[in-house]
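J.: Right, I'll just put the structure down here and ask away after.
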Amino acid sequence: MRKLLLVISISITFPLLAIAQQPKKPNAVEIHEAIKKLNFLGSVLYVAAHPDDENTRLISYMSNKVKARTAYLSLTRGDGGQNLIGPEIRELLGVIRTQELLAARRTDGGSQMFSRANDFGYSKHPDETLAIWDKKEVLSDVVWAMRKFRPDVIINRFNHRTPGSTHGHHTSSAMLSVEAFDLVADKTVYPNQLEHVSTWQPKRLFFNTSWWFYGSRENFEKADKTNLLDFETGVYYPTLGLSNPEIASLSRSQHKSQGFGSTGTRGSQTEYIELIKGELPKDKTNIFEGIDTSWNRVKGGKAIGDILYEVENRFDFNNPSASISQLVKAYQLIEQLEDTHWKSIKSKEIKDIIAGVSGLYLEAVSKESNATRNSKITIDIEAINRSSAPIALKSIKIATLGITETPGISLENNIRKTYKLDGKVTADAKYTSAYWLKEKGSLGMYTVTDQKLIGTPETNHQIKAVFNIEINGVAIAYEKDIVFKTNDPVKGEVYKPFEIIPAVSASIKDKVIIYANGPSKQIPVAIKTGAPNISGVVSLSYPEGWQVSPETINFSLTQKGEEKTVVFTLTAPKNQSEGYISPKVKVNGTTYSNEIVTISYEHIPEQTVVMPSETKVVRLDIQKKGQNIGYIEGAGDVVPESLRQIGYKVTTINPESISAEALKSFDAIVVGIRAYNTIDQLKFKQEHLLNYVKNGGNLVIQYNTNRRLKVTDNLGPYPLKLSRDRVTDENAKITFLAPDHQVLNSPNKITSEDFNGWVQERGLYFPNEWSKEYTAILSANDKGESEKKGPLLVAKYGKGYYVYTGLSFFREFPAGVSGAYRLFANMLSLGK
């Protein structure tokens, strides 16, 4: 046995709770609430399409008032949305929104599930949605979620009976839920799942309706409510000092990337659910009517209930540890249950409660934030019992590090014991990256081949410490993730996930490189080590017809985390062309081609994503007029960086500094997406922007929503009304309404080919009314819909030009769409 370094000290500090990674240290009230939930054996599954679709009031009510095990099944991770807090979109935005949902559930007491469906953007009809998603596969994920979670009650956020009236993803989520309700008990349906779960039949399914779905409050008041249940969700929780709506608003406010900060409310609130399938409860105040939610539900449960109901009723808030003996007895009985479903759930719950009442604190902290395969690592162990109960630390095992230690010591009351353990990461350890991004997916689906992973919210970290504890002579195992902990001078104790990363990563900063001003560019490749003393050879894969020099570059790095940049020269062909380049790093016969992306925001744990390093290169036939562009940032996009790629000098304009003098030096000014929804100052500065146009300037405004506009009366120099019109088919035919207009002809001749290869959509929130001074340049429409003429409007105003566009340039530029760059250059060149 490896020698242990044992340190004993008296615990006298009171660490501050900071972020989600920090270990739970529940107080007596929280422990008692957990015991109440332990004594409730009923489950509710809430179903919708995206992060932020869920009704946090109802989830919080079911979890905190009813005490039901409550989960939210979001079919997507919100990858197709927009990001108000940073530049991440698509897959990386999905990683952020996944963590925001987990933060929301930590707040409202629910748990989180997903399907493999990819949020490909707005869809107008479930027929389109289910074709792109692959209905059979997403339906299998919904059936899997129901079989795995085994809900008694299912609540859909959306109405399955109104296809085409709202977002296709929304209606599809309800349609799939309704269909799955009738399939989960059929063993011939997706039989491969039954290797891991059993069939199940939920008792009843509801639609979470409201007056909104009836068109008005008046209509809802008149409606037949025979099949409706209602809940008073405005309840106040004295033990928490919060009302249910206040908890719900805190939960909803975790969706920061979508700008869904919510102000808490107090007072009476009512939620309604309409029965869709199953039997209507005779007692309409009890959603679980007819379902035994007591311990009598499971064979052998009565004896457990006899113990735990007494623990709940006689709980000593001043001395929670007085319940340890009874809790341990109940734990032993739970471990003997034949019902493996409830045994697994309640075993974990009661173990956490036993740790809580005893003040048992167990932690395993890495000396470093990450490690590579085969690398040595030191783990700091802390164990403390803050009760008088007889607790012993029998052993500590970290399988993936080859560590097994058997201290076999008693944990005396409030005596902290620490150890340093040395181990080695196994050669087959998997990288701790988002599991759904490890294989290439399709437009509508992520590829996940491991059935057991499907639906889980995040990658389960491999490196865990198992503490084998003995309490009152009973063996109980506690599993803890290895974490990395530092002390920040401002924030204090800060936790981060411990990650397994590649020995070498290689990245090219720009994910799209545009060749518009010459045949050759230097391509810097950043090589970073995850381990010390790494040397090898770097090369660059590139498309046919392109040339790279030199073919290979040698490198050598000595320190872990050291970074070196090597530079290749990549020469484009003479004619317009595009393709992908990726760095290849060969070290001791192994080739590495991944990069490491770190996502760091205050409200979620730091995320490390290991993904293929790939950059699109585009040889672009483009001309432009004007050079100096002013950019007013909106809700987050990469348009400024994209414009710099094609040779513009772009200056970010602080809205507060907008004045006639500050604007006159720019050849054109571009306003970022949703700027008029998010920047209050623009309502005071719009006059300066329009005067800039009148005096000969060129103003390009990208899309805004028609709700919460800061500027309403004079968004343009002439009357202009925004709508919710959009064209979601990225391949929809584009019609040139004004083919002779300058914006389609100078300095680049725009043709239908410039609209090939667009991604996710044509555009959104087009104007649908405008005065005669505007010229409508383009039109498009989705299948079966009327022609939308508002994607691009241009008006001559004084000496200059005003442009309003709902075309989704903010999506096309990161995808390297040639035609989008050419058209935007023409917009910036108007009047030049």
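J.: If only Cα atoms are counted, what is the Rg of the range 504-619, and what is its Dmax, in Å?
T.: 15.3, 48
J.: Which of the aspartates and glutamates could a cross-linker bridge to Lys749, judged by Cα under 15 Å and excluding same-chain residues fewer than eight apart?
T.: Asp621, Asp740
J.: Just want to confirm a number: the relative contact order over the chain, from Cα pairs under 8 angstrom separated by 6+ residues, in percent.
T.: On the way: 1888 pairs, mean separation 82.4, N = 832.
Relative contact order, the chain: 10 percent.
J.: While we're looking at this one, here's another question. So for the range 623-731, considering every pair of alpha-carbon atoms, how many percent are separated by more than 20 Å?
T.: 41 percent
J.: Where both partners of a DSSP beta bridge lie in the chain, what percent of those bridges are antiparallel, to the nearest 5?
T.: That works out to approximately 75 percent antiparallel.
J.: Right, here's the next one. Could you order peptides 766-776, 506-516 by the average number of other Cβ atoms within 10 Å of their residues, highest first?
T.: Working: 766-776: 17.5, 506-516: 19.7.
Packing order, densest peptide first, comes out as 506-516, 766-776.
J.: Further, regarding this structure: Quick check on the range 42-293: of the DSSP beta bridges with both residues there, what percent are antiparallel, nearest 5%? All intermediate terms of the calculation are to be shown ahead of the outcome.
T.: Details: 11 of 29 bridges.
Once the DSSP bridges in the range 42-293 are tallied, antiparallel ones form about 40 percent.
J.: Between rounded, prolate and oblate, where does the range 780-830 land on the alpha carbon gyration tensor, with a ≥ b ≥ c its root eigenvalues, rounded for a/c under 1.5, else prolate if a/b exceeds b/c? Don't jump to the answer; show the numbers that get you there.
T.: Details: a/c = 3.05, a/b = 1.20, b/c = 2.54.
Oblate.
J.: Of Ile629, Gln201, Leu778, which is farthest along the charge dipole of the chain in the positive direction, counting Lys and Arg as +1 and Asp and Glu as -1 at C-beta?
T.: Ile629
J.: How would you order 802-811, 489-498 from highest to lowest mean count of nearby Cβ atoms within 10 Å? Don't skip to the end; give the middle numbers.
T.: Working: 802-811: 25.5, 489-498: 14.7.
Order by mean packing, descending: 802-811, 489-498.
J.: Something else: Check cross-link reach from Lys256 to the lysines: straight Cα distance under 22 Å, and skip same-chain residues fewer than eight apart.
T.: Lys491, Lys496, Lys710
J.: Could I ask something else about it? Please report the net charge: other residues with Cβ closer than 10 Å to the Cβ of Asn677, K and R +1, D and E -1. Can you show the working numbers first?
T.: Values: positive: Arg674, Arg707, Arg708, Lys710; negative: none.
Spelling it out: positives minus negatives among the neighbours equals +4.
J.: Give a quick list of chymotrypsin sites (Phe, Trp or Tyr not before Pro) in the range 312-344 that DSSP marks as loop, anything other than H, G, I, E or B, with at most 13 other Cβ atoms within 10 Å.
T.: On the way: sites: Phe315, Phe317, Tyr331, Trp342; in loops: Phe315, Phe317.
Of the chymotrypsin sites (Phe, Trp or Tyr not before Pro), the ones in loops of the range 312-344 whose Cβ has at most 13 other Cβ atoms within 10 Å are Phe317.
J.: What's the center-to-center distance, using Cα atoms, between the range 318-359 and the range 802-832 in Å?
T.: The range 318-359 and the range 802-832 have Cα centres separated by 61 Å.
J.: By its C-alpha gyration tensor, with a ≥ b ≥ c as the square roots of the eigenvalues, how is the range 42-293 shaped: rounded for a/c under 1.5, else prolate for a/b larger than b/c, else oblate? Don't skip to the end; give the middle numbers.
T.: Working: a/c = 1.34, a/b = 1.06, b/c = 1.27.
Judged from the Cα gyration tensor, the range 42-293 comes out rounded (a/c under 1.5).
J.: Further, regarding this structure: If we sort 636-643, 618-625 on the protection proxy, mean other Cβ atoms within 10 Å, highest first, what's the order?
T.: Details: 636-643: 20.6, 618-625: 19.0.
Peptide ranking by packing, descending: 636-643, 618-625.
J.: Of Leu709, Ser74, Ser172, which is farthest along the charge dipole of the chain in the positive direction, counting Lys and Arg as +1 and Asp and Glu as -1 at C-beta?
T.: The one lying farthest along the dipole's positive direction is Leu709.
J.: OK, next. Kindly provide the helix-only [θ] at 222 nm of the chain, computed as the sum of -39,500 (n - 2.57) over DSSP H runs of four or more divided by all residues, to the nearest 500 deg cm²/dmol?
T.: Working: 17 runs with 174 residues, N = 832.
Rounded to the nearest 500, it is -6000 deg cm²/dmol.
J.: Also, I was wondering about something else. Using only the Cα atoms of the range 13-152, build the gyration tensor, take square roots of its eigenvalues as a ≥ b ≥ c, and label the shape rounded, prolate or oblate: rounded if a/c is under 1.5, else prolate if a/b is larger than b/c, else oblate.
T.: Working: a/c = 2.75, a/b = 1.44, b/c = 1.90.
Note, shape of the range 13-152 comes out oblate.
J.: Same structure, new question: Could you run the Karplus curve 6.51 cos²θ - 1.76 cosθ + 1.60 with θ = phi - 60° over the range 97-112 and give me ³J(HN,Hα) per residue in whole Hz, x for Gly and Pro?
T.: Once θ is set to phi - 60°, the couplings for the range 97-112 become 5, 4, 5, 5, 5, 5, 5, 4, 6, 5, 7, 9, x, x, 10, 10 Hz.
J.: Can you return the lysines within cross-link range of Lys799? Criterion is Cα-Cα under 22 Å, with same-chain partners fewer than 8 residues away left out.
T.: Lys624, Lys625, Lys664, Lys685, Lys694, Lys772, Lys832
J.: Considering only C-alpha atoms, what is the centroid distance from the range 397-411 to the range 466-521, in Å?
T.: Comparing the Cα centres of the range 397-411 and the range 466-521, I get a distance of 23 Å.
J.: Suppose the chain between Ser752 and Trp200 were pulled fully straight at 0.36 nm per residue; how much longer would it get relative to their current alpha carbon spacing? Present the calculation step by step, with values, prior to reporting the outcome.
T.: On the way: separation 552, 0.36 × 552 = 198.72 nm, distance 5.29 nm.
Between Ser752 and Trp200, full extension yields 193.4 nm more.
All of the numbers you see were taken from the coordinates with simple rules; none came from a lab. Just so it is clear, the model here is predicted, and its values are computed rather than measured. Heads up, the Cβs are rebuilt from the backbone with ideal geometry, glycines too, and the neighbour counts pull from every protein chain shown.
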